[in-house]
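Here's the structure we're looking at; comments come further down.
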Amino acid sequence: MITNHKRLTSFTLFIMILLFLSSWIGCTLDQSKPTPPCFESTIEGLEPGLAVRYFKGYFRHVMEMPHGIAAQMSGWQGNPILILNHRFGKGEVFDSGSSQGVGMKMTGLIYFSSPGLYVFKAKSNDGVRITINDEVIVSDEEFHSDRYSQPGTVEVKKSCLYPIAVSYFQRKGTAMLELYWKTPDANTFSIVPAGAYAHIRGL
(Lines give C-alpha, C1' and ligand atoms only; values in the text may rest on other atoms or scores of the structure.)
Protein backbone atom coordinates (compact mmCIF):
# COMPACT_ATOMS: atom_id res chain seq x y z
CA MET A 1 0.00 0.00 0.00
CA ILE A 2 2.82 2.37 0.83
CA THR A 3 4.54 1.48 -2.45
CA ASN A 4 1.42 2.29 -4.44
CA HIS A 5 1.08 5.58 -2.61
CA LYS A 6 4.68 6.49 -3.45
CA ARG A 7 4.08 5.59 -7.11
CA LEU A 8 0.95 7.77 -7.18
CA THR A 9 2.80 10.67 -5.62
CA SER A 10 5.67 10.34 -8.11
CA PHE A 11 3.24 10.15 -11.02
CA THR A 12 1.37 13.24 -9.80
CA LEU A 13 4.66 15.14 -9.44
CA PHE A 14 5.69 14.06 -12.95
CA ILE A 15 2.39 15.34 -14.41
CA MET A 16 2.75 18.66 -12.57
CA ILE A 17 6.27 19.12 -13.96
CA LEU A 18 5.03 18.36 -17.48
CA LEU A 19 2.22 20.91 -17.12
CA PHE A 20 4.65 23.54 -15.85
CA LEU A 21 7.09 22.92 -18.70
CA SER A 22 4.30 23.03 -21.27
CA SER A 23 3.13 26.37 -19.90
CA TRP A 24 6.68 27.77 -19.81
CA ILE A 25 7.49 26.63 -23.36
CA GLY A 26 4.20 28.08 -24.58
CA CYS A 27 5.06 31.46 -23.06
CA THR A 28 8.56 31.33 -24.51
CA LEU A 29 7.31 30.59 -28.00
CA ASP A 30 4.60 33.21 -27.86
CA GLN A 31 6.49 36.21 -29.21
CA SER A 32 3.39 38.10 -30.29
CA LYS A 33 3.55 41.82 -29.56
CA PRO A 34 0.76 44.12 -28.47
CA THR A 35 -0.85 46.31 -31.07
CA PRO A 36 1.50 49.27 -31.55
CA PRO A 37 0.34 52.75 -30.48
CA CYS A 38 -1.56 54.59 -33.17
CA PHE A 39 -2.73 58.17 -32.76
CA GLU A 40 -5.31 59.98 -34.83
CA SER A 41 -4.34 63.36 -36.31
CA THR A 42 -7.17 64.99 -34.36
CA ILE A 43 -5.73 64.29 -30.89
CA GLU A 44 -5.54 67.27 -28.55
CA GLY A 45 -2.26 69.15 -28.16
CA LEU A 46 -0.77 68.04 -31.48
CA GLU A 47 1.92 70.42 -32.81
CA PRO A 48 4.24 70.38 -35.85
CA GLY A 49 7.73 68.90 -35.74
CA LEU A 50 9.64 66.71 -33.30
CA ALA A 51 10.44 67.71 -29.73
CA VAL A 52 14.20 67.87 -29.13
CA ARG A 53 16.63 67.71 -26.23
CA TYR A 54 20.33 68.53 -26.66
CA PHE A 55 23.37 67.13 -24.82
CA LYS A 56 26.93 68.44 -24.71
CA GLY A 57 29.67 65.90 -25.40
CA TYR A 58 32.13 64.60 -27.98
CA PHE A 59 30.34 61.31 -28.47
CA ARG A 60 31.69 58.48 -30.61
CA HIS A 61 28.52 56.40 -30.62
CA VAL A 62 24.80 57.12 -30.24
CA MET A 63 24.63 54.88 -27.16
CA GLU A 64 27.11 57.13 -25.32
CA MET A 65 24.45 59.83 -25.04
CA PRO A 66 22.15 59.91 -21.99
CA HIS A 67 19.14 57.59 -22.19
CA GLY A 68 15.86 57.17 -20.35
CA ILE A 69 15.46 59.17 -17.13
CA ALA A 70 19.05 60.45 -17.42
CA ALA A 71 18.18 62.03 -20.77
CA GLN A 72 15.16 63.77 -19.29
CA MET A 73 17.18 65.17 -16.39
CA SER A 74 20.18 66.43 -18.36
CA GLY A 75 20.77 68.62 -21.38
CA TRP A 76 18.44 71.37 -22.55
CA GLN A 77 15.25 71.70 -24.56
CA GLY A 78 15.30 73.22 -28.04
CA ASN A 79 12.70 74.42 -30.51
CA PRO A 80 10.81 71.67 -32.36
CA ILE A 81 12.64 70.22 -35.38
CA LEU A 82 10.26 70.62 -38.32
CA ILE A 83 12.11 68.52 -40.92
CA LEU A 84 15.25 66.35 -41.19
CA ASN A 85 16.83 67.85 -44.29
CA HIS A 86 19.92 69.70 -43.12
CA ARG A 87 23.49 70.09 -44.32
CA PHE A 88 25.07 72.16 -41.57
CA GLY A 89 28.63 72.17 -42.88
CA LYS A 90 30.60 73.64 -39.98
CA GLY A 91 27.69 75.75 -38.80
CA GLU A 92 25.35 75.48 -35.82
CA VAL A 93 23.47 72.17 -35.50
CA PHE A 94 19.79 73.14 -35.50
CA ASP A 95 19.36 75.61 -32.59
CA SER A 96 21.77 73.81 -30.25
CA GLY A 97 24.15 76.78 -30.08
CA SER A 98 26.99 74.44 -31.05
CA SER A 99 28.66 73.33 -34.27
CA GLN A 100 30.44 70.37 -32.71
CA GLY A 101 30.41 68.23 -29.58
CA VAL A 102 26.62 68.00 -29.40
CA GLY A 103 24.09 65.19 -29.29
CA MET A 104 20.32 65.29 -29.55
CA LYS A 105 17.24 63.17 -29.05
CA MET A 106 14.13 63.97 -31.05
CA THR A 107 10.80 62.42 -30.15
CA GLY A 108 7.29 62.66 -31.50
CA LEU A 109 5.03 61.08 -34.08
CA ILE A 110 5.24 60.30 -37.79
CA TYR A 111 2.18 60.18 -40.03
CA PHE A 112 1.65 57.38 -42.53
CA SER A 113 -1.09 58.45 -44.93
CA SER A 114 -1.78 54.96 -46.28
CA PRO A 115 -1.13 51.34 -45.29
CA GLY A 116 1.71 49.43 -46.93
CA LEU A 117 5.48 49.04 -46.89
CA TYR A 118 7.61 52.12 -46.20
CA VAL A 119 11.38 52.05 -46.69
CA PHE A 120 13.63 54.50 -44.80
CA LYS A 121 17.26 55.56 -45.03
CA ALA A 122 19.24 58.41 -43.51
CA LYS A 123 22.24 60.38 -44.72
CA SER A 124 24.21 61.61 -41.76
CA ASN A 125 27.45 62.91 -40.32
CA ASP A 126 27.89 61.74 -37.56
CA GLY A 127 25.89 58.91 -35.95
CA VAL A 128 22.15 58.36 -36.12
CA ARG A 129 19.61 55.87 -34.78
CA ILE A 130 15.90 55.97 -35.59
CA THR A 131 13.12 53.89 -34.07
CA ILE A 132 9.44 53.69 -34.99
CA ASN A 133 7.20 51.97 -32.45
CA ASP A 134 10.41 51.10 -30.55
CA GLU A 135 11.71 49.08 -33.51
CA VAL A 136 15.11 50.15 -34.89
CA ILE A 137 14.58 51.27 -38.50
CA VAL A 138 17.79 53.20 -39.21
CA SER A 139 21.10 52.37 -37.54
CA ASP A 140 24.38 54.09 -38.43
CA GLU A 141 25.42 54.83 -34.89
CA GLU A 142 29.18 55.48 -34.84
CA PHE A 143 30.93 58.72 -35.86
CA HIS A 144 31.60 58.93 -39.61
CA SER A 145 31.69 61.27 -42.58
CA ASP A 146 28.71 61.89 -44.90
CA ARG A 147 27.10 58.61 -45.92
CA TYR A 148 23.79 56.81 -46.33
CA SER A 149 22.61 54.22 -43.83
CA GLN A 150 21.35 50.80 -44.79
CA PRO A 151 17.61 50.90 -45.57
CA GLY A 152 15.03 49.81 -43.02
CA THR A 153 11.36 48.96 -43.53
CA VAL A 154 8.07 49.55 -41.73
CA GLU A 155 4.92 47.61 -42.55
CA VAL A 156 2.00 49.94 -41.82
CA LYS A 157 -1.37 48.30 -41.18
CA LYS A 158 -3.41 51.43 -40.53
CA SER A 159 -3.11 55.04 -41.60
CA CYS A 160 -2.36 57.18 -38.51
CA LEU A 161 0.45 58.64 -36.38
CA TYR A 162 3.08 56.34 -34.87
CA PRO A 163 5.79 57.10 -32.26
CA ILE A 164 9.22 57.97 -33.67
CA ALA A 165 12.53 58.68 -31.91
CA VAL A 166 15.69 60.02 -33.54
CA SER A 167 19.08 59.99 -31.78
CA TYR A 168 21.85 61.93 -33.52
CA PHE A 169 25.21 63.44 -32.65
CA GLN A 170 27.78 65.71 -34.27
CA ARG A 171 31.33 65.17 -33.03
CA LYS A 172 33.75 67.35 -35.03
CA GLY A 173 34.13 68.85 -38.48
CA THR A 174 31.12 69.07 -40.78
CA ALA A 175 27.61 67.82 -39.98
CA MET A 176 24.45 66.74 -41.78
CA LEU A 177 21.21 64.88 -41.15
CA GLU A 178 18.65 63.93 -43.80
CA LEU A 179 15.86 61.36 -43.56
CA TYR A 180 14.37 59.78 -46.68
CA TRP A 181 11.48 57.41 -47.25
CA LYS A 182 10.02 55.45 -50.13
CA THR A 183 6.25 55.29 -49.74
CA PRO A 184 4.15 52.31 -50.91
CA ASP A 185 3.12 54.09 -54.12
CA ALA A 186 6.62 55.42 -55.01
CA ASN A 187 9.59 53.95 -56.86
CA THR A 188 12.19 56.37 -55.52
CA PHE A 189 13.24 57.87 -52.20
CA SER A 190 12.32 61.41 -51.16
CA ILE A 191 12.88 63.52 -48.06
CA VAL A 192 10.25 62.83 -45.41
CA PRO A 193 8.14 66.02 -45.60
CA ALA A 194 7.66 68.38 -42.68
CA GLY A 195 3.94 67.60 -42.63
CA ALA A 196 4.67 64.01 -41.58
CA TYR A 197 6.16 65.01 -38.19
CA ALA A 198 4.29 66.00 -35.07
CA HIS A 199 4.56 65.92 -31.30
CA ILE A 200 2.12 66.25 -28.43
CA ARG A 201 2.59 69.49 -26.53
CA GLY A 202 4.11 68.96 -23.11
CA LEU A 203 5.38 65.44 -23.76
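The values are calculated or read from the model by the stated rules, or taken from the named source; none is laboratory data. Keep in mind the model is a prediction, meaning the values are calculated, not measured. Quick reminder, even Gly has a Cβ in these numbers, built from the backbone with ideal geometry, and neighbours come from all protein chains shown.
Worth pointing out:
To keep it simple, each residue is scored yes or no on (1) at positive phi; (2) surrounded by 10 or more Cβ atoms within 10 Å (Cβ to Cβ); (3) modelled with pLDDT under 90.
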site	(1), (2), (3)
HIS5	no, no, yes
LEU13	no, yes, yes
MET16	no, yes, yes
SER32	no, no, yes
PHE39	no, yes, yes
ARG53	no, yes, no
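- Any chance TYR118 is under 22 Å from LEU161 (Cα atoms), in contact with a helix residue (DSSP H, G or I) (Cβ under 6 Å, 6 or more places away or on another chain) and either surrounded by fewer than 18 Cβ atoms within 10 Å (Cβ to Cβ) or at pLDDT 95 or above (or both): no
- Any hit, the stretch 160-179, residues being charged (D, E, K, R), touching a residue at least 24 places away in the same chain (Cβ under 8 Å), loosely packed, with under 14 Cβ neighbours inside 10 Å and farther than 25 Å from GLY91 by Cα: no
- TYR168, sole failed condition from (1) touching a Leu at 6+ places or on another chain (Cβ under 6 Å); (2) modelled with pLDDT under 95: (2)
- The one condition in (1) at pLDDT below 95; (2) within 21 Å of the chain's Cα centre (by Cα); (3) aromatic (Phe, Trp, Tyr) that TRP24 fails to fulfil: (2)
- Restricting the first member to the stretch 104-116 and to residues that are assigned by TED's automatic domain parsing to the domain that holds PHE55, and the second to residues that are of a type in the set (D, E, K, R) and part of a strand (DSSP E or B), the beta-carbon pairs closer than 7 Å and six or more apart or on different chains are MET104/ARG53; LYS105/ARG53.
- Residues being polar (S, T, N, Q) and under 19 Å from GLY127 (Cα atoms) - total across the stretch 44-98: 3
- Residue that is among the charged types (D, E, K, R) and crowded, with 21+ Cβ neighbours inside 10 Å, where the choices are ARG147, ARG129: ARG129
- Leading residue by the ranking (farthest from the chain's Cα centre (by Cα)) among those in the stretch 66-85 that are modelled with pLDDT of 95 or more and surrounded by 16 or more Cβ atoms within 10 Å (Cβ to Cβ): GLY78
- For the condition hydrophobic (A, V, I, L, M, F, W, C), closer than 24 Å to TYR58 by Cβ, surrounded by 14 or more Cβ atoms within 10 Å (Cβ to Cβ) and over 16 Å from the mean Cα position of the chain (by Cα), PHE189 does not qualify.
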